[in-house]
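Working notes, structure below.
Coordinate-derived values only; no laboratory data. For clarity, every value in this text was computed on a predicted model and none was experimentally measured. In this analysis, Cβ positions are derived from the backbone assuming ideal geometry, glycine residues included, and neighbour counts consider all displayed protein chains.
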C-alpha cells in the first residue's frame, strides 16, 4: 500500500500545515508563514477568527444538519442578510462554488425553456467556473476540459471583452450569459464596462439571464460585499462561495425577481445545502464583514498595497503589470510563476499563481498594513534574487 493514499490531483508543495492564526500559518515544525493565498480567497477573515470559532461551537452544540424538507433557524436569517445587501430576492444554498455555478446554469436553462424554448449559454474565453461537468463546459480554458470531453452541449464561447463577438454570438436561442466580473484563474483580468453594459442590454432585449460568477471576486474581495456593485451592472443571478463561509464549506445562488420563481420543488436540491452549521458560520462572517465594517476599510488598505506594488514595479523590470481591485491582486511577471512561488515559500510567504505569468496576492480582508508590509518585504527579497 502506498504511504500516501491521496489521489494525485494536486501539485502540492512539500509542506504540511497544522494550525493558523490570522494571516499566519504554522507547519508541523512550528515554522511561521505569511498566508496570502487564504485558501484561494476562502479565508476572508484569516485563520481561527473568534466569530467563526464561536459560531461553530455554539451551533454544533445545537444542530448541525437537518433535511431540507424542514426549515432551520439559520438559513433564513443568512438569506435575509444577503438579500438586504443586494438587489435580489431569493437564495439557494449549496456547498461550493462549482455547485453554485451548476445551480445558476440549471436556472438559466429552465428560464429559457419557459421563455421561448431557448437553451444556449454563452461563456467567455479564458474563464474558470469549476470542475463538475456543467461548470467545466463553460470554463474557457482547454487545459481543464480536454481530458473530459465530450462536455455538455448548447454552450458557446466568445473572447472576453469583445463586443463584436458578443453581438455575433447572441442569437434568439440564448437563455443566459455567464461572466466573471474579474477573471481570477485567467490572470486577474477585469471586465470592460462597455462590454458588460452591452451584455446587460442584450440580455434585457432578448429575455436572457445575466449570470455573474462571483465565487472568487465576491464577498468583500473587491471592496463591496457583492462584486457587481463595483461595475454598475446588476446581474440576474449570482454564484457565490469561497469567502461566504470564511473557511467553512458553503455556496449560494442569489437570484433577482425575474429569476427567483423559475425553480420549483423537485427541480434542484442539495443534501447538505443550507445546513444549520454552515449557515450559522456564514452569518457570523457576513455580519463581521458588513456590520463590523471590515469591508468599509478595504479600499484604503487596498490603495496602500497597490501604491507600494507600483513603486516596486519601477525597480524590477521582471514585473510587467499590476492589476486587480480590492484584495484580488495580480502581478504579471516575466518569470515562471511556479518557480517564483517556490522561492517565496522558501522565505515563508505563501502566494498562488493565476496562469503561467501572473502571481496572485489574496490576503485576508482584515489584513493590517503591517502584515502587508511584511509580505511585500519578502516579495521584494525574492525579486532581488531574480534580478
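Exposure proxy check: 38, 137 ranked by fewest other beta carbons within 10 Å?
Working: 38 29, 137 22.
Listed from fewest to most nearby Cβ atoms, that is 137, 38.
To the nearest 0.05, how large is the calculated FRET efficiency for residue 346 and residue 291 if R₀ is 35 Å and r is the Cβ-Cβ distance?
0.30
Estimate the FRET efficiency between residue 384 and residue 48 by the formula 1/(1 + (r/R0)^6), using the beta-carbon distance for r and 35 Å for R0, to the nearest 0.05.
Taking R0 as 35 Å, the efficiency between residue 384 and residue 48 is 0.60.
When only alpha-carbon atoms count, how far does segment 1-113 stretch along each of its three principal axes, as whole angstroms with the largest first?
Principal extents (Cα only, largest first): 53, 35, 31 Å.
Considering only DSSP beta bridges with both partners in segment 51-290, what is the antiparallel share in %, to the nearest 5?
So the antiparallel bridges in segment 51-290 amount to around 40 percent.
For each of 98, 172, 139, count neighbouring Cβ atoms within 10 Å of the residue's Cβ, then give the residues from fewest to most.
With the fewest neighbours first, 98, 172, 139 line up as 172, 98, 139.
Work out, in µm²/s and without decimals, the Stokes-Einstein translational diffusion coefficient of segment 222-270 at 20 °C, 1.002 mPa s, Rh from Kirkwood over C-alpha pairs.
Roughly 170 µm²/s, to the nearest whole number.
Taking the Cα centre of each part, how many Å lie between segment 367-387 and segment 80-135?
With segment 367-387 and segment 80-135 each reduced to a Cα centre, they are spaced 38 Å.
Determine the distance separating the Cα centre of segment 165-227 from the Cα centre of segment 263-278; give it in Å without decimals.
25 Å
Defining a contact as two alpha carbons under 8 Å apart and six or more residues distant in sequence, what relative contact order in percent does segment 140-270 show?
17 percent
Over 10 Å intervals from 0, what percent of Cα-Cα pairs in segment 109-195 sits in each interval?
18, 47, 32, 3
Helix-only estimate, please: 222 nm mean residue ellipticity of the chain, summing -39500 (n - 2.57) across DSSP H runs of length 4 or more and dividing by its residues, to the nearest 500. It would help to have the intermediate numbers written out before the result.
Numbers: 13 runs with 137 residues, N = 387.
-10500 deg cm²/dmol, from helical runs alone.
Using bins 20 angstrom wide from zero, how does P(r) for the chain break down, in % of all Cα pairs?
28, 58, 14, 0
What does the extension gain come out to for residue 194 and residue 167, with contour length at 0.36 nm per residue minus their alpha carbon separation?
8.4 nm
Quickly rank 99-109, 351-361 as a protection proxy: mean count of other C-beta atoms within 10 Å, highest first. Don't jump to the answer; show the numbers that get you there.
Working: 99-109: 26.2, 351-361: 21.1.
The packing order, highest mean first, is 99-109, 351-361.
Pairs of Cα atoms under 8 Å, at least six residues apart: use those to get the relative contact order of the chain, whole percent.
In percent, rounded to a whole number, it is 22.
How would 64, 7 line up from fewest to most surrounding beta-carbon atoms within 10 angstrom? Could you put the intermediate results ahead of the total?
Working: 64 14, 7 6.
Starting with the residue having the fewest Cβ neighbours, the order is 7, 64.
Would you list the P(r) distribution for segment 290-341, with all Cα-Cα distances sorted into 5 Å bins from 0 and each bin expressed as a whole %?
4, 18, 24, 21, 15, 8, 6, 3, 1
How far, in nm, would the chain grow between residue 299 and residue 206 when pulled straight, counting 0.36 nm per residue and subtracting the alpha carbon separation?
29.9 nm
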